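Visitor: The structure follows.
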């Protein structure tokens, strides 16, 4: 066999193995996302740019069967179902809806808490919509990195209400830790079209980090609990 034929054969072998490697990467990522979705307690942060309220980061603590604890714009919150309470001036107050409104100073933070998606609930959905999963050859900080594409339908499902009509496509990146669970993911969505009175063409990005799986305890002060009821 000539050198030319050897190179040609090697190329065909690479092309043949590519779908297999892609399928393996997709299966590995699906397993990691499923493991994260099974966590019963954890800590997380969500950084949305741009985002609800004034954008920026939200910190959360989740424990199964307990209200969700959040901190946004340096304000403490608890959320249970649709009910939200916040600490303002040393007192717990319930967020108001309908014709009444919360104080202007808390509106941005309340918007972030209302918009939060619990990572253990979102990760199974992500496993169903990612396409073209690829696994990076090199690890990043000891973590395995996967990259995937999102079609327009998936992109619309993963952005906030304000961007659904202009979401066109997207990408997602996932970092899997040594225990085989996803510990960070970034969803980037291309937005293009008319939003209100403006034409936009750009991206919205949401970065979610997770930690302390299985070790988080959410303690709710009695006054805050009563306000949630």
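The values are calculated or read from the model by the stated rules, or taken from the named source; none is laboratory data. Only a predicted model underlies this, so the values are computations on that prediction, with no experimental measurement involved. Reconstructed Cβ throughout: ideal geometry from the backbone, glycine too, with neighbour counts over all protein chains shown.
Visitor: What are the pairs with Cβ atoms under 7 angstrom where one residue, in segment 177-202, is within 23 Å of residue 57 (Cβ to Cβ) and the other, located anywhere, is part of a loop (DSSP other than H, G, I, E, B)? Sequence gap at least six, or different chains.
Guide: Cβ pairs passing all conditions: 181/213; 183/177; 189/159.
Visitor: So, one more: Out of the residues in segment 61-97 that are out of contact with any helix residue (DSSP H, G or I) (no Cβ under 9 Å at 6 or more places or on another chain) and at positive phi, state the one that is modelled with the highest pLDDT.
Guide: Among those that are out of contact with any helix residue (DSSP H, G or I) (no Cβ under 9 Å at 6 or more places or on another chain) and at positive phi, it is 65.
Visitor: Of the numbered conditions (1) under 30 Å from residue 221 (Cβ atoms); (2) not assigned by TED's automatic domain parsing to the domain that holds residue 58, residue 190 satisfies every one except a single condition; which is it?
Guide: The number of the failed condition is (1).
Visitor: Let me ask something else. I'd like to check something: does segment 181-196 contain any residue that is loosely packed, with under 14 Cβ neighbours inside 10 Å, in contact with a helix residue (DSSP H, G or I) (Cβ under 7 Å, 6 or more places away or on another chain) and modelled with pLDDT of 90 or more?
Guide: Yes, there is a match, as at least one residue in segment 181-196 is loosely packed, with under 14 Cβ neighbours inside 10 Å, in contact with a helix residue (DSSP H, G or I) (Cβ under 7 Å, 6 or more places away or on another chain) and modelled with pLDDT of 90 or more.
Visitor: Of the numbered conditions (1) touching a residue at least 12 places away in the same chain (Cβ under 8 Å); (2) in contact with a helix residue (DSSP H, G or I) (Cβ under 6 Å, 6 or more places away or on another chain), residue 212 fails exactly one; give the number of that condition.
Guide: Only one criterion in (1) touching a residue at least 12 places away in the same chain (Cβ under 8 Å); (2) in contact with a helix residue (DSSP H, G or I) (Cβ under 6 Å, 6 or more places away or on another chain) is unmet by residue 212, namely (2).
Visitor: If I ask for residues that are more than 14 Å from residue 177 (Cα to Cα) and either surrounded by fewer than 15 Cβ atoms within 10 Å (Cβ to Cβ) or outside the structural domain of residue 32 (by TED's automatic domain parsing) (or both), which ones from segment 137-150 would you list?
Guide: 137 - this is the single residue of segment 137-150 that is more than 14 Å from residue 177 (Cα to Cα) and either surrounded by fewer than 15 Cβ atoms within 10 Å (Cβ to Cβ) or outside the structural domain of residue 32 (by TED's automatic domain parsing) (or both).
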